[in-house]
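Notes follow once the structure below has been shown.
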Amino acid sequence: MSGAVHAYHDGTKHHFQKFARSLGYLDWASQPNPFRSFAGADDHPLHPRPDAAGSGSATAVEIGGILRHSLGLSAWKQFRDSRWSLRVNPSSGNLHPTEAYVVAGPMAGVSDAPAVYHYAPDRHALERRCTFEPAAWTSAMAGGENAWLIALTSIHWREAWKYGERAFRYCQHDLGHAIAAVRIAAELAGCRAQMLPGWSHADIAALTGIDRDEDYVDAEREEAGCILVVTGRQSSVFSPESSVPSPQSPVPSPQSPVPSREALLDAVRRGRWTGRANQLSEDHVQWTFIDEIAAATRDPGRTILPIPNQLPDYPITRLPDRALVLQRRSAVSFDGRGSIDAARCFAMLSAVMPREGPPWDALWWDARIHLLLFVHRVNGLDPGIYLLARHSSAPDRIRAASGREFLWEPCHDSLPLFALVRGDCRALAQRVSCDQAIAGEGFFSLGMIADFDASLQAFGAAFYRHLFWESGVVGQVLYLEAEAAGTRGTGIGCFYDDPVHDVLGLTGHAFQSLYHFTIGSPVEDTRLSTEPGYAWERGVLA
Ligand SMILES: Cc1cc2nc3c(=O)[nH]c(=O)nc-3n(C[C@H](O)[C@H](O)[C@H](O)COP(=O)(O)O)c2cc1C
C-alpha cells in the first residue's frame, strides 16, 4: 500500500552528495505563465474591485473578500526590467501551482443560475465555467443555499518546470498554505471553511471541469486537491450524507456540513460549460515519477469519525487582521544578530498547537506534524535542539523510534516542548536546510516531522498529500505569527532529508521530515521597488 509512496518519497530526497532529479538548470523559454485563464468564459470582477459585479449580493461580496485575503495578489515587485507579482499565499519558488474554483448559487448581478467559476487572481475576477439548474443547487445544499464551495487544484508543471521530480511535494505544501489562507480569510469575513473528506478526487475533477479533455487541448492539466465548504459561522446547515454506520463508513460528525455530492455532480455534468484553458508553456519536460505518485495518492473519498482533539486549547495572542495577511512576505535573508524573547517564541509555538479554532478546524484529522526546533537566538531559552509535540502520543513514540540518547527535559508549563540537546546548532541547522544561511541566522529554524507510516496505514496512500497539507497549514500560521511580531519567516522546501532524520536518530519511515521553516530579523532588498497587488489599491494600501 505504502510502496509507491515510499518509492516516490525516498526517490525525491535530497542527499548531501546528490539532489533529487531535476533538469539542473532553468529553461527560461518554457517558463510557465503564472496565471491560468479560460478564453471564452464570462469574466466577473470581484469585490472589493471598484467595478465589481454583484455588489448587491452578500455572497458575492463574501466570496470577493475571502479570495482577496487568501489567494489574491499582495504586491508587485520590480528590479530593473523584471516585474513579478506576489500573493497572499506563499509558494515554493513563487511558481504558484494552486488554482481555485468556486461553486455558488445564483448571485444578483453575477449570475441568475448557480455556477462553477475559476478564480483569476491577476484580475481578482471569477471566470464563469459552467451554469447549471437552480433546482439542483437547492436540493444539493438542502437549506444551506448561501453556503458555497471552494475547490483547490494543482498544476504540477508549474513547479516541475523548476524543481523536477520533487515538485509534487511542493505542490502539496502550497496547497496546505492555500487551505490555511482560505480558512483564515473566511474567519475575517465572519465565516467558516471546512474540508469535505467525502469528495473523491474524481468528484472534485468533475465538479471543477478539470476532467474535461475538450477544454484542455494543448493546456497543462490540473490535479484535484481538496474541496471546502464556506458557511456563516453559526450555521450548521447540512445534514450528513449518510447516517448509516459501517466499518468502511463510520458515522460522520453531526456538525460536518456535507452538501449532496451526487445532485451537484449530476447537475454540472448536464450544465452549460464555456471557456478553454490557456497553455502555460510551449515546451514541457515529462516527469513520469510525478504522474505515478499523483495516481498512487488519488483519494477515493471517505466518511470519517470526528477525531477528538487530545490536547488542551493553548492561548493564542491574537488572530491576524486583513492588513497583516496582505503584508505577509518571505524573508530572503536575516541579519544574524536580532533575537526575540522566550515569551514571544512560546506564543508562536502556542499558535501552531491544534485547537478548535481557525485554521485547524478546516482539517478533519488530528495533528500529525511535530516540530524539531533549532533554537539560535531566543532570550531566556538556551540555544539547542528542542521538540514540540503537537499530539499527546508523539513524545513517547518519537523517543522509542529515536536511536539517540537525549535530555527530553520539559521546558514549559503547558506547551509540550522538550529540550533534547543544549548547544550552538546554527551550523547544523544551516547544513541540513540545503546550506541556506536563513536556517542558521534567524531566531530559530525547524523541521516538521510527520508521523508518516502510521498515518498512511490509518488513512491510506492518499493521506501522503494531507501530511504535506498539514505542514503547509503550520507554515502559514508561522508566517503570520512572524509578521505579527514585526519579524519575518520563510518556508524551506529544500533540505537534506535523511541527515535531518539522523539528527533525531530516526531510521525507517515511522517519522519523516516534510518541510522546514525559519524566523528571524529580515534584511530588506532595497534594490526592489514595490507596488500594491491591484491597480485600484494604489493610494489605498501603498
Ligand atoms: C513550500 C515552500 C517552500 C519554500 N522553500 C524555500 C526555500 O527552500 N528557500 C527559500 O529561500 N525560500 C523558500 N520558500 C519561499 C518562497 O520562495 C516564497 O514563498 C516565494 O518566493 C513567494 O514570496 P512570498 O512568500 O514573499 O510571497 C518556500 C516557500 C514555500 C511555500
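The values are calculated or read from the model by the stated rules, or taken from the named source; none is laboratory data. None of the values given here were measured: they were computed from a predicted structure. Because the Cβ atoms are built from the backbone with ideal geometry, glycine has one as well, and the counts that use them run over all protein chains shown. The accessibility values were calculated without ligands, DNA or RNA, using every heavy atom of the protein model including side chains. Shrake-Rupley method; radii C 1.70, N 1.55, O 1.52, S 1.80 Å.
Exactly one condition in (1) touching a Lys or Arg at 6+ places or on another chain (Cβ under 8 Å); (2) open to solvent by less than 20 Å² (accessible area, probe 1.4 Å); (3) under 26 Å from Ser521 (Cβ atoms) is false for Asp382; which is it?
Among (1) touching a Lys or Arg at 6+ places or on another chain (Cβ under 8 Å); (2) open to solvent by less than 20 Å² (accessible area, probe 1.4 Å); (3) under 26 Å from Ser521 (Cβ atoms), the lone unmet condition for Asp382 is (2).
Has the range 69-87 got any residue that is closer than 23 Å to Val116 by Cβ and over 23 Å from the mean Cα position of the chain (by Cα)?
no
Residues in the range 141-151: is at least one closer than 18 Å to Arg298 by Cβ, surrounded by 22 or more Cβ atoms within 10 Å (Cβ to Cβ) and either of a type in the set (Gly, Ala, Ser) or touching a residue at least 12 places away in the same chain (Cβ under 8 Å) (or both)?
Yes, there is a match, as at least one residue in the range 141-151 is closer than 18 Å to Arg298 by Cβ, surrounded by 22 or more Cβ atoms within 10 Å (Cβ to Cβ) and either of a type in the set (Gly, Ala, Ser) or touching a residue at least 12 places away in the same chain (Cβ under 8 Å) (or both).
What is the one condition in (1) modelled with pLDDT of 85 or more; (2) within 18 Å of Asp203 (Cβ to Cβ); (3) touching a Phe, Trp or Tyr at 6+ places or on another chain (Cβ under 9 Å); (4) open to solvent by less than 50 Å² (accessible area, probe 1.4 Å) that Asn278 does not satisfy?
All conditions pass for Asn278, except number (2).
Give me the pairs: first residue in the range 486-498 and modelled with pLDDT of 95 or more, second residue assigned to a loop (DSSP other than H, G, I, E, B) and near the ligand (Cβ under 6 Å from one of its atoms), beta-carbon distance under 7 Å, and six or more apart or on different chains, which are they?
These pairs meet every condition: Arg488/Arg329; Gly491/Pro90; Ile492/Gln436; Cys494/Gln436.
Could you please give the count of residues in the range 485-522 that are more than 21 Å from the chain's Cα centre (by Cα) and under 16 Å from Ser433 (Cβ atoms)?
Number satisfying all stated conditions: 9.
Mind counting the residues in the range 140-160 that are closer than 30 Å to Gly93 by Cβ and of a type in the set (A, V, I, L, M)?
Matching residues across the range 140-160 total 6.
For the range 377-410, enumerate the residues that are touching a residue at least 24 places away in the same chain (Cβ under 8 Å), at negative phi and in a strand (DSSP E or B).
Within the range 377-410, Val378, Asn379, Leu381, Ile385, Tyr386, Leu387, Leu388 qualify.
Quick one: count up the residues across the range 355-410 that are within 12 Å of Leu504 (Cα to Cα), touching a Phe, Trp or Tyr at 6+ places or on another chain (Cβ under 6 Å) and among the basic types (Lys, Arg).
So the count comes out to 0.
hydroxyl-bearing (Ser, Thr, Tyr) and within 16 Å of the ligand (Cβ to nearest atom), is that true of Ser70?
Taking the combined requirement at face value, the residue satisfies it.
Here's the yes/no breakdown for (1) assigned to a loop (DSSP other than H, G, I, E, B); (2) in contact with a strand residue (DSSP E or B) (Cβ under 9 Å, 6 or more places away or on another chain):
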residue	(1), (2)
His6	no, no
Arg21	yes, no
Leu26	yes, no
Ala29	no, no
Pro34	yes, yes
His44	no, yes
Ala52	yes, yes
Ser55	yes, no
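Quick one: which of Ala140, Ala185, Ala167 is farther than 27 Å from Gln279 by Cβ and modelled with pLDDT of 95 or more?
Every option except Ala185 fails the conditions.
Is it true that Ala450 is open to solvent by 10 Å² or more (accessible area, probe 1.4 Å) and either touching a Pro at 6+ places or on another chain (Cβ under 6 Å) or aliphatic (A, V, I, L, M) (or both)? Reasoning before the result, please.
Numbers: open to solvent by 10 Å² or more (accessible area, probe 1.4 Å): no; either touching a Pro at 6+ places or on another chain (Cβ under 6 Å) or aliphatic (A, V, I, L, M) (or both): yes.
Considered against the rule, which asks whether it is open to solvent by 10 Å² or more (accessible area, probe 1.4 Å) and either touching a Pro at 6+ places or on another chain (Cβ under 6 Å) or aliphatic (A, V, I, L, M) (or both), Ala450 comes out as no.
So, restricting to strands (runs of 3 or more DSSP E) that lie completely within the range 78-126, which ones have at least 1 residues that are within 20 Å of Gln327 (Cβ to Cβ), within 14 Å of the ligand (Cβ to nearest atom) and at pLDDT 95 or above?
Ranges flagged: 82-87.
Among residues belonging to the range 38-67 that are in contact with a Pro (Cβ under 8 Å, 6 or more places away or on another chain) and under 15 Å from Glu127 (Cβ atoms), point out the one that is farthest from the ligand (Cβ to nearest atom). If you could, list the steps in order and put the result at the bottom.
Narrowing the range 38-67 to residues in contact with a Pro (Cβ under 8 Å, 6 or more places away or on another chain): 51-53, 64-65, 67.
Of the ones still in play, those that are also under 15 Å from Glu127 (Cβ atoms) are 52-53, 64, 67.
Working: Ala52: 24, Ala53: 28, Gly64: 21, Leu67: 16 Å.
Checking each candidate, the answer is Ala53.
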